[in-house]
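Following: one structure in structure tokens, then a few remarks.
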Amino acid sequence: MYNNTGDILHVDLNKKTWWKEFVKKDDLLLYLGGRGISAKILWDLVKPGTDPLGPENILIFGAGLLSGSAAPSSGRTTVTCLSPATGLYMKTSAGGYWGGELKYAGYGHIVIHGRSDKPVYLWIDDANVEIRDASSLWGMDVRTADAAIKAELEDDDIQVSVIGQAGENLVRFASVMFSVYNAAGRCGAGAVMGSKNLKAIAVRGSGAVTAAKPERFHEVVMQTRENLLRESGIEGLRLYGTAGSLNAVNELRIFPAYNFQRSCVDDVYPLSGQCLIDEGYLKRRVSCFSCVIGCHRFTTIDRGVYAGTYSGGPEYESLGALGAGCGIMETEPVIKANELCNIYGMDTISAGSVIQWAMECFEKGVIGPEDLDGEELHWGNAVAVHKMIKQIAFREGFGDVLADGVKRAAERIGKNSYQWAVEAKGLEQSRVDTRSAKGYALAFAVNPRGADHLHTETFAEFGLSPESRALIKKITGDEKYASPRLTEKRAEIVRWHEDCFAVTDCLGFCAFSTTALYGVTPQAMAELFSAFTGFDINEAEIMEAGRRIVTMERCYNVRLGETRKEDTLPWRLMNESTPDLSGGNTVNSQEELDQMLDQYYDLHDWDRATACPRWEVLIRLRLRDVAKELADLGLLVKPF
Amino acid sequence: MNINEKVISSIPSKCLGCKQCELICSYLHEKSYSPRLARIKVVHFVDKGLSVPVTCAYCDQPVCEEVCPVGAMTHNPVTGAARVKEELCIGCKECVNACPLGAVDMHPLKGVALRCDLCDGDPACVKYCPVKALKYEPLYIGVKSKRRSRVEAWHLE
């Protein structure tokens, strides 16, 4: 076999040492790469009782297995650790160019152990690994630190992953930023990096990535490319970006506004991808490594009070969370808020979510100007939002409360404020109103990292494109299930998307190429995996590997004590409707969710009461060690 | 140079920075993927979201060929396509230093000069650019459309 998976580089920041580990063939076939191998490493090394922000937590960077190759849209990197937001398993991923560069340096994974006694950054120059002093970089924002590292190392083409002030100050939703504007944003990996006193990982790779069967790999790459380029949605995604869908999403009444008190806005245009173009904010369309879609944006504001603002994005989620969610319906303040979150290095979804929760607290009189340095945190107060973003990053004033995430903030403030803290498992929910999208509702409830769309993106249930309707037919047998208010067949739809998403992450593909556009199919991924590694597996086998990874992630949370009761949705979405919704089930009732959960657990053959995979299932998926450990802990019944 | 001869030109405002041109170039010449092995290079300013592909401009007076002490840097007099005679190249890097565009580089594994060969008249980078940010056409056509779009931007009625 050609060794093209890349080695695992372990770095111990306590002892300032590093060592290499080869990826075993068995692990490659069982866990595929990227996210899968990271999940296995986390299971083995981080046991229950670990403090997410303590030195015993580890931080794993996993490049996609195919990153570095020409496989279209395969350049994503996964970051995995115990989450400081949820206390549970987390993976978060980012685009950019870093993953490919890491592969060219000869590595597939980096595992950071321990904690440095002073700020450092890691410099990986092919085989040379160096732990360098970062005291002069500490306190710098993402953009400045990226430039400073490139200046120090005298190479502007180095790829850098870095944290901003939010990560340094242990904001529980701090992101790790890649290639400046690509965020591994959710669940607080940036805080874990900050807790280790690790400012950045800079990489330069001069090597190459070669498939085990080069001709066959090239052939499938070219076919897959053509498939993706033929997709009906690709032109729109490239032209208008992720926010190009805002009009449709608003029409469908799944676009949350005013902290999920509304399901649409009256005029969505100022927040749309179309407006970014018409008003001249969009300067360039940008791709991640090897991606033929190019949905990322580069925007600037050239005139007015926000002149001089420039950043990647804003994306759909950022416009939703920092715009509509906070009642800001103007373009420029949202572009500004997006830039601030990016340079301080924090998740735009969670930042927007905690601030809109505070706004609702303010409007309801639960907090007042005296809690906010005199600020009037009314809906739509952009100046106050920008100030609050900064206060969160530096943990100043009320920002210190919000920096711990909305769940902890609501516990601290009390007075029923949990009712409008739109989170589950401690993660602020992303911007889809699940009251009108039942596949999303189920997917969000069972997501091991909390309520969001990045373990399972079931956009197909809306049936907006011929490709998505065909997929729903493939999964359920009938196109009629492409109907988001139905609860029937949601378990099947969610399971397929979970498996597919896991494979997507392992190989480094972007979910937009597999579960929003569908040009990169599971069959293509199996063929690419086979030609790349030289080990033949088919579509069913690669999807089973996806299932194995999803199951292991579930077991990780089971080992931490999670059960069925944590598979839930934010209180507001279970108990309140909005004036924009009508006709039938406009709230996610417990009864409805329970029904879907039963179907989902049954489909997996998991125990309905504990939501724990059964012994037989784990054995079938070749997770014997996991099964034994759970049985030893009394969490799982071993049949005799 | 024949005035109808084709050249590779790039349109930076269209380039996404996806590196497909580099990756496919690298594969077709080397059966391996690496920007270092590519004959076309994407110059990238990540903080500005800006990417510009740069490759051999096929100069009228190719200094890389002129400075080569062993005659390894050549081009086919009939098709015009460049060829590095790898068996002659001594790795002195004179061509790399001489090229004012930075379009000539060294092959990282073989230690010989690396220069665009136009894929024998059908450059793959152009063919596979997903947004047609690269063109391979006679210069006069490219200039014509550049002139046209500039005048169009004046919004004359």
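The values are calculated or read from the model by the stated rules, or taken from the named source; none is laboratory data. Computed from a predicted structure; not experimentally measured. For neighbour counting, all protein chains shown are included, and Cβ atoms are generated from backbone atoms with ideal geometry for every residue, glycine included.
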Legend entry - Evaluation of A:Gly405 against (1) of a type outside the set (S, T, N, Q); (2) over 22 Å from A:Gly345 (Cβ atoms); (3) in contact (Cβ under 8 Å) with a residue 40 or more places away in the chain (one fails), failing number: (2)
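B:Leu50: more than 14 Å from the chain's Cα centre (by Cα), closer than 22 Å to A:Ile158 by Cβ and either within 10 Å of another protein chain (Cβ to nearest Cβ) or crowded, with 23+ Cβ neighbours inside 10 Å (or both), yes or no? Give the derivation first.
Numbers: more than 14 Å from the chain's Cα centre (by Cα): yes; closer than 22 Å to A:Ile158 by Cβ: yes; either within 10 Å of another protein chain (Cβ to nearest Cβ) or crowded, with 23+ Cβ neighbours inside 10 Å (or both): yes.
For B:Leu50, the condition - more than 14 Å from the chain's Cα centre (by Cα), closer than 22 Å to A:Ile158 by Cβ and either within 10 Å of another protein chain (Cβ to nearest Cβ) or crowded, with 23+ Cβ neighbours inside 10 Å (or both) - is met.
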Inset, instruction - For residues that are modelled with pLDDT under 95 and assigned to a loop (DSSP other than H, G, I, E, B), tally how many sit in region B:76-100. - result: 6
Inset, instruction - Could you grab me the full set of residues in region A:224-234 that are more than 8 Å from every other protein chain (Cβ to nearest Cβ) and crowded, with 19+ Cβ neighbours inside 10 Å? - result: A:Thr224, A:Leu228, A:Glu231, A:Gly233, A:Ile234
Inset, instruction - Take region A:359-374 and flag every residue that is surrounded by 20 or more Cβ atoms within 10 Å (Cβ to Cβ), among the acidic types (Asp, Glu) and not in a helix (DSSP H, G or I). - result: none
Inset, instruction - Being over 23 Å from A:Ala71 (Cα atoms) and touching a helix residue (DSSP H, G or I) at 6+ places or on another chain (Cβ under 6 Å) is the filter; apply it to region B:109-146 and report the residue that is modelled with the highest pLDDT. - result: B:Ala113
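Scanning region A:176-190 for residues that are farther than 17 Å from A:Lys407 by Cα and more than 14 Å from every other protein chain (Cβ to nearest Cβ), which turns out surrounded by the most Cβ atoms within 10 Å (Cβ to Cβ)?
Initially, region A:176-190 is screened for residues farther than 17 Å from A:Lys407 by Cα, giving A:176-185, A:189-190.
Cutting the leftovers down to more than 14 Å from every other protein chain (Cβ to nearest Cβ) gives us A:176, A:184-185, A:189-190.
On the way: A:Val176: 32, A:Ala184: 27, A:Gly185: 29, A:Ala189: 34, A:Gly190: 37.
So, considering only residues that are farther than 17 Å from A:Lys407 by Cα and more than 14 Å from every other protein chain (Cβ to nearest Cβ), the one surrounded by the most Cβ atoms within 10 Å (Cβ to Cβ) is A:Gly190.
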Legend entry - Checklist (1) within 7 Å of another protein chain (Cβ to nearest Cβ); (2) in a strand (DSSP E or B) applied to B:Ser9, failing item: (1)
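Of these, A:Glu168, A:Glu101, which one is among the acidic types (Asp, Glu), buried (at least 24 other Cβ atoms within 10 Å of the Cβ) and more than 13 Å from chain B (Cβ to nearest Cβ)?
Numbers: A:Glu101 fails: more than 13 Å from chain B (Cβ to nearest Cβ).
Being among the acidic types (Asp, Glu), buried (at least 24 other Cβ atoms within 10 Å of the Cβ) and more than 13 Å from chain B (Cβ to nearest Cβ) holds for just one of A:Glu168, A:Glu101, which is A:Glu168.
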Inset, instruction - Please determine, by comparing only the residues of region A:120-160 that are within 14 Å of another protein chain (Cβ to nearest Cβ), in a helix (DSSP H, G or I) and hydrophobic (A, V, I, L, M, F, W, C), which one is surrounded by the fewest Cβ atoms within 10 Å (Cβ to Cβ). - result: A:Ala151
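Is it the case, given these coordinates, that A:Tyr556 is surrounded by fewer than 23 Cβ atoms within 10 Å (Cβ to Cβ), touching a residue at least 12 places away in the same chain (Cβ under 8 Å) and touching a strand residue (DSSP E or B) at 6+ places or on another chain (Cβ under 6 Å)? Let's see the steps before the verdict.
Details: surrounded by fewer than 23 Cβ atoms within 10 Å (Cβ to Cβ): yes; touching a residue at least 12 places away in the same chain (Cβ under 8 Å): yes; touching a strand residue (DSSP E or B) at 6+ places or on another chain (Cβ under 6 Å): yes.
It is true that A:Tyr556 is surrounded by fewer than 23 Cβ atoms within 10 Å (Cβ to Cβ), touching a residue at least 12 places away in the same chain (Cβ under 8 Å) and touching a strand residue (DSSP E or B) at 6+ places or on another chain (Cβ under 6 Å).
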Inset, instruction - Assess whether A:Val221 counts as being within 12 Å of another protein chain (Cβ to nearest Cβ) and crowded, with 18+ Cβ neighbours inside 10 Å. - result: yes
Legend entry - region A:261-300, residues that are within 12 Å of chain B (Cβ to nearest Cβ) and among the small types (Gly, Ala, Ser): A:Ser287, A:Ser290, A:Gly294
Legend entry - region A:406-427, subset outside any helix (DSSP H, G or I) and touching an Asp or Glu at 6+ places or on another chain (Cβ under 7 Å), residue nearest to A:Lys565 (Cα to Cα): A:Lys425
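With respect to A:Arg204, is the statement that it is surrounded by fewer than 24 Cβ atoms within 10 Å (Cβ to Cβ) and either within 9 Å of chain B (Cβ to nearest Cβ) or not acidic (Asp, Glu) (or both) true? Break it down stepwise before answering.
Details: surrounded by fewer than 24 Cβ atoms within 10 Å (Cβ to Cβ): yes; either within 9 Å of chain B (Cβ to nearest Cβ) or not acidic (Asp, Glu) (or both): yes.
Criteria met by A:Arg204.
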Inset, instruction - State the number of residues belonging to region A:3-27 that are of a type outside the set (Lys, Arg), in a loop (DSSP other than H, G, I, E, B) and under 30 Å from A:Lys118 (Cα atoms). - result: 4
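Here's the yes/no breakdown for (1) within 11 Å of A:Arg572 (Cβ to Cβ); (2) modelled with pLDDT under 95; (3) of a type in the set (A, V, I, L, M, F, W, C):
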position: A:Phe394; (1), (2), (3): no, no, yes
position: A:Phe398; (1), (2), (3): no, no, yes
position: A:Val401; (1), (2), (3): no, no, yes
position: A:Asp404; (1), (2), (3): no, no, no
position: A:Asn416; (1), (2), (3): no, no, no
position: A:Trp420; (1), (2), (3): yes, no, yes
position: A:Leu427; (1), (2), (3): no, no, yes
position: A:Arg431; (1), (2), (3): no, no, no
Inset, instruction - Could you look through region A:238-250, keep only residues that are surrounded by fewer than 21 Cβ atoms within 10 Å (Cβ to Cβ) and within 14 Å of chain B (Cβ to nearest Cβ), and pick out the one that is nearest to A:Ala71 (Cα to Cα)? - result: A:Arg238
Inset, instruction - Evaluate the following for A:Ala212: is it more than 20 Å from A:Val120 (Cα to Cα), surrounded by fewer than 24 Cβ atoms within 10 Å (Cβ to Cβ) and in contact with a helix residue (DSSP H, G or I) (Cβ under 8 Å, 6 or more places away or on another chain)? - result: yes
Inset, instruction - Would you mind telling me which numbered condition in (1) surrounded by 19 or more Cβ atoms within 10 Å (Cβ to Cβ); (2) more than 22 Å from B:Lys6 (Cα to Cα); (3) not aromatic (Phe, Trp, Tyr) B:Cys92 fails? - result: (1)
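Please state which one of B:Val104, B:Val126, B:Val84 is in contact with a Cys (Cβ under 7 Å, 6 or more places away or on another chain), touching a residue at least 24 places away in the same chain (Cβ under 8 Å) and more than 14 Å from every other protein chain (Cβ to nearest Cβ). Walk me through it before giving the result.
Numbers: B:Val126 fails: in contact with a Cys (Cβ under 7 Å, 6 or more places away or on another chain); B:Val84 fails: in contact with a Cys (Cβ under 7 Å, 6 or more places away or on another chain).
Result: B:Val104 is the single residue among B:Val104, B:Val126, B:Val84 that is in contact with a Cys (Cβ under 7 Å, 6 or more places away or on another chain), touching a residue at least 24 places away in the same chain (Cβ under 8 Å) and more than 14 Å from every other protein chain (Cβ to nearest Cβ).
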Inset, instruction - Check A:Thr300 against each of (1) under 27 Å from A:Gly96 (Cβ atoms); (2) in a helix (DSSP H, G or I) and name the one condition it does not meet. - result: (2)
Legend entry - Number of the exception - A:Thr331 against (1) over 15 Å from A:Gln274 (Cα atoms); (2) touching a Phe, Trp or Tyr at 6+ places or on another chain (Cβ under 8 Å): (1)
Legend entry - Residue under evaluation A:Ile254, criteria (1) in a loop (DSSP other than H, G, I, E, B); (2) within 14 Å of another protein chain (Cβ to nearest Cβ); (3) surrounded by 19 or more Cβ atoms within 10 Å (Cβ to Cβ), criterion not met: (2)
Inset, instruction - Quick one: which helices (runs of 4 or more DSSP H) lie wholly within region A:533-640 and hold at least 3 residues that are within 26 Å of A:Thr86 (Cα to Cα)? - result: A:539-559, A:571-575, A:590-604, A:624-632
